[in-house]
Amino acid sequence: MVALGQDTLNDRLRSSASRPGVRDTLLNGTLQVPSGDRSIPLDWALGEPPVLSLHEPTDDEWRAAIGPRGVPPARVPGAFTVLLPRLTVSGPGVKRATRRVKLLCTLAARSGTLDFTPLGAELDLRHVPDPSDRAVYRHIVVPRALRAALVLLGRTALPRIDVAGLSFGDFALTAGAGMVVGAANTADRPPAPAPDPAALFPRAPAFEVLLSRAALERAARAAVAGLAGRSDSARGSSSFGIGRAQYEGRVQVNAATARVAGDPLELDVDISLSVHAEAGIDLFRDIGEALNHAAEGIGRALASY
């Protein structure tokens, strides 16, 4: 299970928006908005990065939102809001203007994809005095922009997660209580149900990863399994004046197991070893060599006479 708080997400959005290479992609673009049997380009730009509020929208926000049909969208669980503090739009038949927009959205993961669905938009039209202009925004611009945004943002492929020797299946995502929480079982088990953020985390964490006891034990066993069969050896000799010592040693791991004990962060690791060691001392090797050298010297001296 993975939990990410909205403050962390908003910090990442602000950080990304400050990078020149990312800013243009994140804060500017063009939507192809359907209009009859053709589409028209609607240019958009964000003066500030989006701000996520991963809480259930209020009753007032649901009533004020404009849906794809020009009326408030149907209320659904798991919705949240995305505030666009300064959204500038322009295009054919649309006078360039900057507005504060709040999107109502849902987020879900299905069959390896991340589905982002804009349900509606709350648009600040207090500074649009002309009723005709307000009607254009409410019944044409916003609904068509929502449909175009659904095509643009609708689906993103999610990577498979393999970590610590474990392969996980599809994630079930839920946004709420100021965080987004993803739950996944290992690939050999049925898919995880949608998590309840408020029940799992009384306070929204910055970032947190939880593993079940069974998953932690499997990860621990996988981590130590590679130790079995490994071996190491050392050998050498050393002189100590009147003698020489030789040594040789070998260590081999026959088996290694791990299990969770008590606190899930405490592991018991059992390792079975085979140890072989040999050592020997030759006290007379250097003395014998010295006598041989002396005899050779005496022989050479006698031969000279």
- By how many nm would the segment from V51 to L166 grow when fully extended, if each residue of separation counts as 0.36 nm and the alpha-carbon distance is taken off? 38.0 nm
- Once you put a point 7 Å from the Cα of R203 and another 7 Å from the Cα of D188, both along the Cβ direction, what distance in nm separates them? 3.9
- Query: So how much slack lies between A135 and T25, counting 0.36 nm per residue of separation and subtracting their Cα-Cα distance, in nm?
  - Reply: 36.6 nm
- Message: How would K95, K102 line up from fewest to most surrounding beta-carbon atoms within 10 angstrom?
- Response: K95, K102
- Taking amide H positions as placed 1.01 Å from N in the peptide plane, with prolines and chain starts having none, which residues 5 or more places from G178, or on another chain, fall under 5 Å of its amide H? L54, H55
- Query: In nm, to one decimal, how far is the modelled label at R213 from the one at S35, with both set 7 Å along Cα→Cβ?
  - Reply: 6.4
- Label-to-label distance, nm, for residues given as A74 and S90 (7 Å Cα→Cβ offset): 3.9
- Mean separation of Cα contacts under 8 Å, 6 or more apart, over the residue count of the stretch 2-156: relative contact order %: 21
- Note on the structure: So for R0 = 25 Å, FRET eff. of H127-R12 from the Cβ-Cβ r, to 0.05, ends up at 0.20
- Residues whose modelled amide H sits under 5 Å from the amide H of A65, counting only those 5 or more places away in sequence or on another chain, are none
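The numbers here are math on the coordinates, done by the rules we state, and not lab data. Here the structure is a predicted model, which means the values were calculated and not measured. Positions of Cβ are generated from backbone atoms using ideal geometry, with glycine treated the same way; all protein chains shown enter the neighbour counts.
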